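Just so you know, all these numbers are worked out from the coordinates, no wet-lab data involved. No experiment lies behind these values; they were computed from the predicted model shown. Neighbour counts are summed over all protein chains in view; Cβ atoms, including those assigned to glycine, are modelled from backbone coordinates with ideal geometry.
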Amino acid sequence: MVERGLAVIKLGEIVMILDLHRQGLSVSAIARQTGVDRKTIRKYIERGLEAPAYGPRKPRATVIDPFTAYLRERVAAYPGLSGRRLLRELKERGYAGGYTAVTDFLRDVRPTSEHGFEVRFETAPGEQAQVDFAQFHVVFTDEPATPRIVWLFSMVLGHSRLIWARFVMHQDLPTVLRCHVAAFDAIGGVPREILYDRMKTAVIGEGETGGIVYNRALLDLARHYGFHPKACKAYRAKTKGKVERPFRYIREDLGALVSQP
């Protein structure tokens, strides 16, 4: 139904009036044929066919609405929190929706940073793993007043991105060697090459000819298991990007429970 001040008629009747007018019928003839008074017919002929005007729709309530204030607060305090982590927190608070609703909302309140394009370096299966340590500041429940430093040893397979990681209290040589052995056992094999940041437990320095000097104990371990150690190029942090991502993921996922220095 369409209202134009004088009468309320159906949209189909308006179309008929305009069509009869285009055929050359007079207003009186159209009135007799349609049963609509002449004043109303003249009004529609003057205005033509107008699209109906609709007001703005009232926003529909969504499943994420009761939790938006909490999400804003968490993102403001910890901008790096992952969507998966926040989804778990919402589930604990009664959220019954899905992951997409959370990420859609986060996309609106947390603008993404723009990065330039980079060439992705890939390796064949079994070809390479990357190893590194990351430092975390934590507080243990049995000593809540004493912040402590723990280290995360991580080995990431270059092809599959399989991660083996373990928190340790030290990053000394015995710990490094034990973590290697445990990682090989858990992974079920040994990669042909292992890429290291220039950690002191792996790389002692450079020789007179510019070659890398590795820790002798690490070389003994490498000969025993049959892998080749390789040091990252100096000042090329992105070379070991595959192993840096687990550290970022853990920091984002654990949020306030652990913090980086």
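Table for the structure above
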quantity: Residue order, fewest to most surrounding Cβ atoms within 10 angstrom, among E127, E73, E89; calculated: E73, E127, E89
quantity: GluC sites (Glu not before Pro) restricted to segment 140-213 and DSSP loop, no more than 13 other C-beta within 10 Å; calculated: E208
quantity: Burial ordering of H180, H228, fewest other beta-carbon atoms within 10 Å first; calculated: H228, H180
quantity: In order through segment 178-191: 3J(HN,Hα) via Karplus (6.51 cos²θ - 1.76 cosθ + 1.60), integer Hz, x for Gly, Pro; calculated: 4, 5, 4, 4, 5, 5, 4, 5, 6, 6, x, x, 10, x
